[in-house]
Structure formats: C-alpha cells, structure tokens
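**Q** Sharing a structure here in structure tokens format.
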Amino acid sequence: METIAERQQEVIEEFSLFDDWMQRYEHMIDLGKSLPLISEEHKTEDNIIKGCQSKVWVYASLEADQLVFTADSDAIITKGIIAILIRVFSNQPPKAILDADTDFIDKIGLKEHLSPTRANGLVSMIKQIKMYAVAYQTQLN
Amino acid sequence: MFDVNKIRSDFPILSRQVNGQPLIYFDNAATSQTPNQVIDVITDYYKRLNSNIHRGVHKLSQEATEAYEGARKTIKEHFNAAHAHEIILTAGTTESINLVASGYTSLMKTGDELIISALEHHSNIVPWQMLCERTGAQLRVIPMTQLGTLDMDVFESLLSDKTRLVFVNHVSNALGTVNPIEEIITKAHAVGAEVLIDGAQACPHIKPDLLDLDVDYYVTSAHKICGPTGVGMLYGKENLLNKLPPYQGGGEMIATVTFEKTTYTGLPHKFEAGTPNISGGIAFGAALDYMNSIGYGAIASYEAELLDYATTVLKELPGLKIYGEAPEKTAVISFNVKGIHPYDIGSILDQMGIAVRTGHHCAQPIMDYFEIPGTIRASFSFYNTKEEIDRLIEGLRKAMAMLQ
C-alpha cells in the first residue's frame, strides 16, 4: 500500500506539470468530479465543515482498520480541494493520518492561490480529517 | 470637470498588479480605496503631530487637538448636523450601533417594540437582538419584496405607540437598494419612535443632510468613504445623546473622579473614553474633503452610468440573475450564474486580478429570502471604469466556460 507521503509526492509531481493557474484550476475541477461522494444519509448538519464559504460535508468510516472518507461540496473548486485531500488520506490507518504532515498543500501551489478566507476552509477540512483520525484511533486502542 | 484618469492617479493601489494582472477593484462596498490626499494626512500626523489630544499643554498636543477637533467640524458640516458635539467619533458603524443599543438598555420600558428591516447587515441586527435579550423588548421586521425593496405597507402596520426605535439602513449593502428613509423617519416620529439610520453604504454615494432628514441617530464608517479603517461616526440629536448613558468608562469621558462617585463630562467626550484613533479621525475629515472636492453630484451621475452599463452587459450573459432591482439603487450589483456556486466564480476572477465579494455579505436573512447560499457582488466606485467592467465580463465568460 502506498503511504501518505508517497501519495503526496504523486500529487506534487502531477501539479508540477502545469505552468499556469488555469491548468491547475481545470485539473482541480476534474479531480472534483472523481470525488467519492458522501451518501445522502450522511449529508447532515453535523458533517458540515465550518469555516468554508461553500458547504462541505465530510464523513469517515472505519473499514479493516483503515479510515475511508467520502465528501461533497456545493462548489466545484472546493470539491476539487477535498478530492485531493481524500486521495491522500483515505484508506489509511488513523495513526498514519494523525502523523502525516500537510506541507504538500504549499507545494502544489494551492495555498498561495487561496485567499485567507478560503485557506481557512482548507485548514478546517484538514482539521476535520485529523479529528476523525483521533476519534477512530481512540476506538482502536 | 470629472476626469476619471486624473482621479485614478490619486489612488496608488489602483496601479498595482494582482496575480500578474492589473488590479480591478470591485469590492468597494466592503471597503473603499484610499487617495494620496488621505494617506498623506495620516503620514503627516505621525511625522509632525503625533501626541495625545485634549490634555497636553505642549505645542504638539495643541496642534493635534486642533486637527482632531477640526475634523469633527468638517464632519459636522459635511452631514449638516446642528452642533459639532453631536458628532461622536467611534471605531466605526458597528461600534456606533452597539453604543446606542447598549445605552437603550436602561431606557427601555416594558412592552417596548423595536422595528428593523429585512435588508439589514448583521451589525444592524445582532446588537438589537442583544438589547431585546437584555430587556425583553420585541423585534418586528419590515419584510422585503422580490425587487429588494422594503414593504412599506407592512412597515406602517407595524408602527404603534409601543414602537420605541426604528433602525434601517440608508442603503442595503448586499443589494444596493436606497431605502425611503425620509418616509420612515416621518412615520416613525408620528408615533413617537426614534430612528437610527445606518449610513455605512450610503455615504460613499450620497451626502445626507441630517438636519433636513430630522433623523435621531445616523451612523457611518470612514473606510467606505475613502478614509481609513477603524474610525466612524455616531451622530445623535443633542437631547437624545444627553439622555443616553456612557458606553465605556475611562479617561477623557469624566468630569471628576473619586472612589465614591464619578461624574461624566459633556458631549461629545462622554462617549469617547480613552485615547481615540487620532490620525484616523483627522484622516476621516480629509476623506470627506476629498469626496467634496470631486463633488457628490458628479460622483452620483458617473456611478449611475457605470451601474447602467454593468447591468446591461451583465444581463447579456446566459443564466445570469441579478438580485435587487430596486428603482433607486447605488452602484452595487449582486448576481449569480445558474448552476455555479458564487465561490467558484469569485476564485476564478481573483486569479484574473478581479476583486469581487462572494458569500452572504453579512446579510444572511436576505440570502434566505432568495433561497441562495450567497451572491457575487460587484460594487463600483467613481474611480472604476467601463473598461474594467468589460474585463469583468471577459473574466466571467472564462469562469463560466471552466465551471459549466
């Protein structure tokens, strides 16, 4: 199985192919289309991430000691961002998610292109993913 | 003679690049840009005058006090208040409203009602809700129509001898609607109610005549009128301000202090505890001077031209819907494109150096009324141009192609 670090490296290399913001955004929009969608029953108020201008829902379940994330958003670019996060963090043990750093966001030129209000949304998404990892790690112990 | 290129040269920020493109600033309703004439006043204050006001016997303090009180006089004249001491310098509109709402806590009687409009910014909703929680007063709401105007028939039906205060914005921040405040003030006064008008969005476009309006309280912020952030105004009629208890305690606002009993000083200092934003206050005056040097008549006609042009060309875009089509509105356009989240469009426009606001604009009740998560808001100023509007259209077309 690929580690989180390996997946992050993959994403960084993928994004390094683009030389302007339009290609980067178009790629993000494409990634959003491949997002593993949250089921309707989990699209609840509780699963909405606060701090984003658009609505973002994230849900996690434990399958064979690995966390599986699904999500959705009403904005396409946000969907792309959460798709990148899920691609990196889904199907990984909670412990590995907890230990992972998130510098790759800077390296794919996302953070510099996101204004503080939007970047806060990104920070909230990462925080929520880590919170799920904490909760399930406690369950596993 | 109104010369937009000459005016633009007063604003250094307008020549900067954003994301490799010339900045197009269409977020003027959030904050306006600052001309050299105002920046220089702030710089000059720190280079030449910096000292504390109202208490020093030394030269700097005297000069700074003169400049600060001179600004208060400029503000008084600009808004045509009866007295300079009716102009309280605050941190801005939000603080001005909180000051009044806080003061009414001890002035409310059982059964008093407050009337608010559905078009308000959160800053003109929440302080009053807090007042209701403290006093048990009831909040009544003037509903809005599909055009984004107030339903004045309902307003009349809400008025009664229980009505204590009516607070409405002069211009809606989310939609640009100019509200019929003259009528609101007259009708509220007829039942013995007092009226507070939130002028934050009006003052960049309109020069209100406070004596003529006969309004009880009028509040605004300098940073929407080419002035600095962190300073604003509360105008109140002298007799009302005298009845209103102080908001914050501290230096400057006292007459005598002993541990047994403190007595307060008179207007305006009773409401200005502590060292104020001195450079901000002086620059507020300079900003009004700047606006008047261009002239509100010239500003209004040029901005109306921009609004007409932008409305026409925006409507040509497929699937674009404008929210707020009041017959009288300022140069603000709130819109959405069918099937696209406003956030997505805002993000793409930002990449092209175009600054618009997206979201609920701190006016969630309006968004709930239209059943939308938010809008894209382009708000224009007298330093914007039709060429910039053309670039917005070009940017929107590009964003729509990417997102649809």
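**Q** Among the residues of the stretch B:102-120, which ones are surrounded by 23 or more Cβ atoms within 10 Å (Cβ to Cβ) and part of a loop (DSSP other than H, G, I, E, B)?
**A** Correct list: B:Leu119, B:Glu120.
**Q** Does the stretch A:33-49 include one or more residues that are within 14 Å of chain B (Cβ to nearest Cβ) and over 16 Å from the mean Cα position of the chain (by Cα)?
**A** Pass one, the stretch A:33-49, residues within 14 Å of chain B (Cβ to nearest Cβ): A:33, A:48-49.
Now drop any that are not over 16 Å from the mean Cα position of the chain (by Cα), which leaves none.
No: the stretch A:33-49 contains no residue that is within 14 Å of chain B (Cβ to nearest Cβ) and over 16 Å from the mean Cα position of the chain (by Cα).
**Q** So is B:Asp3 surrounded by fewer than 16 Cβ atoms within 10 Å (Cβ to Cβ), modelled with pLDDT of 95 or more and more than 20 Å from B:Ser347 (Cβ to Cβ) or not?
**A** Against the criterion (surrounded by fewer than 16 Cβ atoms within 10 Å (Cβ to Cβ), modelled with pLDDT of 95 or more and more than 20 Å from B:Ser347 (Cβ to Cβ)), B:Asp3 qualifies.
**Q** Just to check your reading of the model, which residue among B:Ile97, B:Ile53, B:Ile39 is of a type in the set (Val, Ile, Thr) and outside any helix (DSSP H, G or I)? If you could, list the steps in order and put the result at the bottom.
**A** Working: B:Ile97 fails: outside any helix (DSSP H, G or I); B:Ile39 fails: outside any helix (DSSP H, G or I).
Just a single option satisfies the conditions, and that option is B:Ile53.
**Q** Starting from residues that are of a type in the set (Phe, Trp, Tyr) and within 19 Å of B:Leu119 (Cβ to Cβ), keep the ones in the stretch B:338-387 and report whichever is farthest from the other protein chains (Cβ to nearest Cβ).
**A** Within the stretch B:338-387, the match that is farthest from the other protein chains (Cβ to nearest Cβ) is B:Tyr369.
**Q** Can I ask one more? Which one is farthest from the other protein chains (Cβ to nearest Cβ), of the residues in the stretch A:60-75 that are under 19 Å from A:Ile4 (Cα atoms) and surrounded by 21 or more Cβ atoms within 10 Å (Cβ to Cβ)?
**A** In this case the residue turns out to be A:Leu67.
**Q** Going by the conditions given, is B:Ser106 among the polar types (S, T, N, Q) and either within 30 Å of B:Ala193 (Cβ to Cβ) or outside the structural domain of B:Gly285 (by TED's automatic domain parsing) (or both)?
**A** Details: among the polar types (S, T, N, Q): yes; either within 30 Å of B:Ala193 (Cβ to Cβ) or outside the structural domain of B:Gly285 (by TED's automatic domain parsing) (or both): yes.
For B:Ser106, the condition - among the polar types (S, T, N, Q) and either within 30 Å of B:Ala193 (Cβ to Cβ) or outside the structural domain of B:Gly285 (by TED's automatic domain parsing) (or both) - is met.
**Q** Are there any strands (runs of 3 or more DSSP E) wholly within the stretch B:156-224 with 3 or more residues that are at pLDDT 95 or above and within 20 Å of B:Thr145 (Cα to Cα), and if so which? Quick ask: steps written out before the conclusion?
**A** Details: elements: B:163-169, B:194-198, B:217-221.
Hits in the stretch B:156-224: B:163-169.
**Q** May I pose another question? Among the residues of the stretch B:203-226, are any among the small types (Gly, Ala, Ser) and in contact with a His (Cβ under 9 Å, 6 or more places away or on another chain)?
**A** No, because not a single residue in the stretch B:203-226 is among the small types (Gly, Ala, Ser) and in contact with a His (Cβ under 9 Å, 6 or more places away or on another chain).
**Q** Further question: For the stretch B:302-361, name all the residues that are among the small types (Gly, Ala, Ser) and either part of a helix (DSSP H, G or I) or buried (at least 23 other Cβ atoms within 10 Å of the Cβ) (or both). Break it down stepwise before answering.
**A** At the first step, the residues of the stretch B:302-361 found to be among the small types (Gly, Ala, Ser) are B:304, B:310, B:319, B:324, B:326, B:331, B:334, B:339, B:346-347, B:353, B:355, B:359.
Those that are among the small types (Gly, Ala, Ser) and either part of a helix (DSSP H, G or I) or buried (at least 23 other Cβ atoms within 10 Å of the Cβ) (or both): B:Ala304, B:Ala310, B:Gly324, B:Ala331, B:Ser334, B:Gly346, B:Ser347.
**Q** With the structure loaded, tell me whether B:Asp161 is surrounded by fewer than 17 Cβ atoms within 10 Å (Cβ to Cβ), within 21 Å of B:Tyr217 (Cβ to Cβ) and among the charged types (D, E, K, R) or whether it fails that test.
**A** Answer is yes for this residue.
**Q** Separate question: Can you pull out the residues in the stretch B:20-61 that are surrounded by 13 or more Cβ atoms within 10 Å (Cβ to Cβ) and either of a type in the set (Ser, Thr, Tyr) or over 29 Å from the mean Cα position of the chain (by Cα) (or both)?
**A** Answer for the stretch B:20-61, where residues must be surrounded by 13 or more Cβ atoms within 10 Å (Cβ to Cβ) and either of a type in the set (Ser, Thr, Tyr) or over 29 Å from the mean Cα position of the chain (by Cα) (or both): B:Gln21, B:Tyr25, B:Thr31, B:Ser32, B:Thr34, B:Thr43, B:Tyr45, B:Ser51, B:Gly56, B:Leu60, B:Ser61.
**Q** Oh, and also: For B:Arg377, are the conditions met, namely being closer than 16 Å to B:Asn173 by Cα, modelled with pLDDT of 90 or more, among the charged types (D, E, K, R) and outside any loop (DSSP other than H, G, I, E, B)?
**A** yes
**Q** For the stretch A:60-74, which residues satisfy the criterion of being out of contact with any Leu (no Cβ under 9 Å at 6 or more places or on another chain) and within 21 Å of B:Tyr343 (Cβ to Cβ)?
**A** A:Asp74
**Q** Looking at the stretch B:92-112, I want the residues that are at positive phi and have a partner that is modelled with pLDDT of 95 or more and part of a helix (DSSP H, G or I) with Cβ atoms under 8 Å, at least 6 apart or on another chain. Which pairs are those?
**A** So the pair list comes out as B:Gly92/B:Ala222; B:Gly92/B:His223.
**Q** Consider B:Ile87 against the criteria (1) surrounded by 22 or more Cβ atoms within 10 Å (Cβ to Cβ); (2) not assigned by TED's automatic domain parsing to the domain that holds B:Pro276: it satisfies all of them except one. Which criterion is unmet?
**A** Exception for B:Ile87: condition (2).
The values are calculated or read from the model by the stated rules, or taken from the named source; none is laboratory data. As the structure is a computational prediction, the values presented were derived from the model and not from experiment. When we count neighbours, we look across all protein chains shown, and the Cβ atoms used for this are built from the backbone with ideal geometry, even at glycine.
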